[in-house]
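The values are calculated or read from the model by the stated rules, or taken from the named source; none is laboratory data. In this text the structure is predicted, and so the values were computed from the model without any measurement. Here Cβ is always computed from backbone atoms with ideal geometry, including for glycine, and neighbour counts include all displayed protein chains. All accessible areas refer to the heavy atoms of the entire protein, side chains included, with ligands and DNA or RNA removed. Shrake-Rupley method; radii C 1.70, N 1.55, O 1.52, S 1.80 Å.
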Amino acid sequence: MLSGKMQDALNDQVAAEIYSAHLYLSMSAWFDSVDMPGAANWMRIQYQEEIIHGLKIFDYVMERDARAVIKAIESPPAEWSSALDAFSAAYNHEQKVTAMIGKLVDLARAEKDHATEFFLHWFVNEQVEEEASAKAIVQKLKLVEESKNGLFMIDRELGTRVFTPPVQAG
Ligand code: FEO
């Protein structure tokens, strides 16, 4: 059984992960609208990953005989000024998610909820990857600036990303 506090915090994180999914799906639509299909593909896969993150926590809450609930999820932005603007926003967003996961770990420790703390380790590691992959794309986009050739090459590379379901937690 989870404490009420832990249950609420995990349910909040489910909503945050679904918001992340919607943010990246919105970015995917924006990239499609500016004729960058590779980046649209990359963002759509990111959407799928975020849904899996949300479901992983949702399932864990139920596994602990607690109540999983779906909270209100606000609409994500729909417009960005450039590819760099969108990926910088994605990188900033991932840094915020990392801080949220850190707070969940702190709460699990404070509550001496070892199972939840252990469960969250998967997310701690996942965030290292999430931040690194977004940052690497931001850096490439900074290098090419507004060069059409450069953007074309990056878009082509982003188009090669394929969806691989993350490894199971714990
Ligand atoms: Fe679910 Fe991108 O963190």
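In region 27-70, which residues are under 21 Å from Asp85 (Cα atoms), open to solvent by 20 Å² or more (accessible area, probe 1.4 Å) and within 17 Å of the chain's Cα centre (by Cα)?
Of everything in region 27-70, those that are under 21 Å from Asp85 (Cα atoms), open to solvent by 20 Å² or more (accessible area, probe 1.4 Å) and within 17 Å of the chain's Cα centre (by Cα) turn out to be Ala29, Asn41, Trp42, Arg44, Tyr47.
What do you reckon, is Glu74 open to solvent by 80 Å² or more (accessible area, probe 1.4 Å) and either under 15 Å from Tyr24 (Cα atoms) or small (Gly, Ala, Ser) (or both)?
Yes; evaluated as a whole, the condition is true for this residue.
Only one of (1) more than 25 Å from Asp12 (Cβ to Cβ); (2) within 15 Å of the ligand (Cβ to nearest atom); (3) in a helix (DSSP H, G or I) fails for Leu143. Which number is that?
(2)
Return a yes/no flag: does region 105-116 have any residue that is over 21 Å from Asp32 (Cα atoms) and within 16 Å of the ligand (Cβ to nearest atom).
Scanning region 105-116, I find at least one residue that is over 21 Å from Asp32 (Cα atoms) and within 16 Å of the ligand (Cβ to nearest atom), so the answer is yes.
If you take the residues in region 90-120 that are surrounded by fewer than 17 Cβ atoms within 10 Å (Cβ to Cβ) and small (Gly, Ala, Ser), which one is nearest to the chain's Cα centre (by Cα)?
Within region 90-120, the match that is nearest to the chain's Cα centre (by Cα) is Ala99.
If only one of Asp59, Asp8 is within 16 Å of the ligand (Cβ to nearest atom), farther than 25 Å from Arg161 by Cβ and either of a type in the set (Asp, Glu) or not in a helix (DSSP H, G or I) (or both), which one is it?
Asp59
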